[in-house]
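The block underneath contains the structure these notes are about, expressed in structure tokens.
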Ligand SMILES: [Zn+2]
Ligand SMILES: [Zn+2]
């Protein structure tokens, strides 16, 4: 507010009507206003221009796009807009122009690095069709074994050897084993 | 308040103060405090509407995320309009909600509100009672809106018949604004308004 107050007497003395500055001052203002960011209304820095011709600071436009990720529209004319639909502007003053989109603001978080290669299955067996095939078949009966073991794990306590429950389970797992062997055999035949 | 919000309001404030609309006494903004996060706005009722001749005051609150989010605006002056609550002054206007864009300014907001006074949207109402009256009994709506403008916004005096109805409710012991609101929402039917106030 204090700056406003101090500028008022100057304006009043410059022109007869304080609300109407002199023609030269007005002209300067309008010249500068051409290069004003449409969001912060200050002279655009790290400037980008949209396809619809509207000028922004990249940090200002970036924040606007972040505020409404679902509705990416030009703040002036509501044409479609986006990071890849703006052109950076490089003036003469900057000796090392850098795309403001790469520089400011830092790219949004949420990038994830490539998972480290632990020498796992895909790299190991890739291109060796025979190996992959036998591995796939071999793994299948094991899956059946674990599921039959899991069944007994879910019971309250381990059944005692010789009890009817124990024999029944042994019988069941033997059936599973035979089913698995028969399946494996059938796969090999087919 | 973040720097961008305050810096922008400072610039906009100058813009509105310098604008032609201010010169024509159409719109106005004033600061409430030094932090630039609350302002008072004023718009003139558009000519050839029930709001003509009135001056309507607005409360404008600037959120920290301005201009990425719209200012929060409501009418301080009581007004009879389908898109403005006759009770709270809350406004239903798309640019103050999802149609806001960061390039809009206090000036465009005030001019949009003025346009809203000239062209109501009764199908997207804020005040259902007013909107219904607007659609079903438009002459009563206009009369009521003009009356409210005269009483609350300093518009030209009108309709002594409405004043006398309010007076008769006042003599029954009801508060004046309460009486006016009841009569307005009951189409100036004294009997129905009295019934409404008693219940
Ligand atoms: Zn900017
Ligand atoms: Zn545009």
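Given the structure, is residue A:116 at pLDDT below 80 and under 22 Å from residue B:10 (Cα atoms)?
no
Scan the stretch B:112-142 for residues that are buried (at least 18 other Cβ atoms within 10 Å of the Cβ) and in contact (Cβ under 8 Å) with a residue 60 or more places away in the chain and jot them down.
Within the stretch B:112-142, B:113, B:114, B:117, B:141 meet the criteria.
Here's the yes/no breakdown for (1) touching a helix residue (DSSP H, G or I) at 6+ places or on another chain (Cβ under 6 Å); (2) farther than 25 Å from residue A:57 by Cα; (3) within 14 Å of chain A (Cβ to nearest Cβ):
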residue	(1), (2), (3)
B:47	no, yes, no
B:52	no, yes, no
B:55	no, yes, no
B:69	no, no, yes
B:76	no, yes, no
B:82	yes, yes, no
B:87	no, yes, no
B:94	no, yes, yes
B:97	no, no, yes
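Can you tell me which residues in the stretch B:158-177 are within 22 Å of residue B:54 (Cβ to Cβ) and in contact with a helix residue (DSSP H, G or I) (Cβ under 7 Å, 6 or more places away or on another chain)?
B:158, B:159, B:162, B:165, B:166, B:176
Quick test for you: out of B:72, B:60, pick the one residue that is farther than 24 Å from residue B:147 by Cβ and either surrounded by 20 or more Cβ atoms within 10 Å (Cβ to Cβ) or in the same structural domain as residue B:151 (by TED's automatic domain parsing) (or both).
Of B:72, B:60, the one residue that is farther than 24 Å from residue B:147 by Cβ and either surrounded by 20 or more Cβ atoms within 10 Å (Cβ to Cβ) or in the same structural domain as residue B:151 (by TED's automatic domain parsing) (or both) is B:60.
Among the residues in the stretch B:121-134, are any outside any loop (DSSP other than H, G, I, E, B), within 18 Å of residue A:75 (Cα to Cα) and touching a helix residue (DSSP H, G or I) at 6+ places or on another chain (Cβ under 6 Å)?
No, every residue in the stretch B:121-134 fails to be outside any loop (DSSP other than H, G, I, E, B), within 18 Å of residue A:75 (Cα to Cα) and touching a helix residue (DSSP H, G or I) at 6+ places or on another chain (Cβ under 6 Å).
Among the residues that make up the stretch B:24-44, is at least one of them touching a residue at least 12 places away in the same chain (Cβ under 8 Å), more than 9 Å from every other protein chain (Cβ to nearest Cβ) and assigned to a helix (DSSP H, G or I)?
Checking the stretch B:24-44: not a single residue is touching a residue at least 12 places away in the same chain (Cβ under 8 Å), more than 9 Å from every other protein chain (Cβ to nearest Cβ) and assigned to a helix (DSSP H, G or I).
Identify the residue in the stretch A:41-59 that is at the interface with chain B (Cβ under 8 Å from one of its Cβ atoms) and at pLDDT below 95 and, among all such residues, is nearest to residue B:12 (Cα to Cα).
Top of the filtered list is A:41.
Select from the stretch B:137-171 the residues that are more than 19 Å from the chain's Cα centre (by Cα), modelled with pLDDT of 95 or more and outside any helix (DSSP H, G or I) and list them in ascending order.
B:137, the sole residue that qualifies.
Between a residue in the stretch A:50-68 that is farther than 19 Å from residue A:35 by Cα and any residue that is assigned to a loop (DSSP other than H, G, I, E, B) and more than 14 Å from ligand 1 (Cβ to nearest atom), which pairs come within a Cβ distance under 6 Å, given they are 6 or more apart or on different chains?
A:65/A:72
The values are calculated or read from the model by the stated rules, or taken from the named source; none is laboratory data. Fair warning: this is a prediction, and the values are worked out from it, not measured in the lab. Methodologically, a virtual Cβ is constructed for each residue, glycine included, from the backbone with ideal geometry; neighbour enumeration extends over all protein chains shown.
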